[in-house]
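The values are calculated or read from the model by the stated rules, or taken from the named source; none is laboratory data. Fair warning: this is a prediction, and the values are worked out from it, not measured in the lab. Don't worry about glycine lacking a Cβ; one is built from the backbone with ideal geometry, like all the others, and counts go over all protein chains shown. For accessibility, only protein heavy atoms count, side chains too; no ligands or nucleic acids. Shrake-Rupley method; radii C 1.70, N 1.55, O 1.52, S 1.80 Å.
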Amino acid sequence: MSEFKEVINKNQPVLVDFFAEWCGPCKMQAPILEDLKKRVKDEATIIKVDVDKNPAVAAQFGIRSVPTLMIFKNGTVKWKRSGVFSANELERLIRQNL
């Protein structure tokens, strides 16, 4: 938990993918995030949080469905949505929060 807090308190956008191994849409989102990592390079951090292995973190942020994506900057939630999103849309959101 303290490691997670440290990451989301960065002074750059941090995209968090709350997912589960058994989730079909989560599996669709994974390669999109890999593509996104190549696009944004070190301008943003992208991490994945397995809700089954990290229930306390999921509960703290009110994660009720997966995938849920959140963008943090300086520990503040800038954006939160559930579902599968395109790399273009996520890149636009990250750049809005640089």
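Scanning the range 49-62 for residues that are hydrophobic (A, V, I, L, M, F, W, C) and either outside any loop (DSSP other than H, G, I, E, B) or within 15 Å of W79 (Cα to Cα) (or both) yields V49, A56, V57, A58, A59, F61. If I filter the range 48-55 for residues that are more than 15 Å from F4 (Cβ to Cβ) and either of a type in the set (K, R) or surrounded by fewer than 17 Cβ atoms within 10 Å (Cβ to Cβ) (or both), do I get at least one hit? Yes, the conditions are met somewhere in the range 48-55. For S65, the conditions (1) part of a helix (DSSP H, G or I); (2) of a type in the set (G, A, S); (3) open to solvent by 50 Å² or more (accessible area, probe 1.4 Å) are fulfilled apart from (1). Selection of the range 1-48 for residues being of a type in the set (A, V, I, L, M, F, W, C) and assigned to a helix (DSSP H, G or I) yields F4, V7, I8, C26, M28, A30, I32, L33, L36, V40. Of the set (1) in a loop (DSSP other than H, G, I, E, B); (2) in contact with a strand residue (DSSP E or B) (Cβ under 7 Å, 6 or more places away or on another chain); (3) surrounded by fewer than 18 Cβ atoms within 10 Å (Cβ to Cβ), all apply to V84 but (2).
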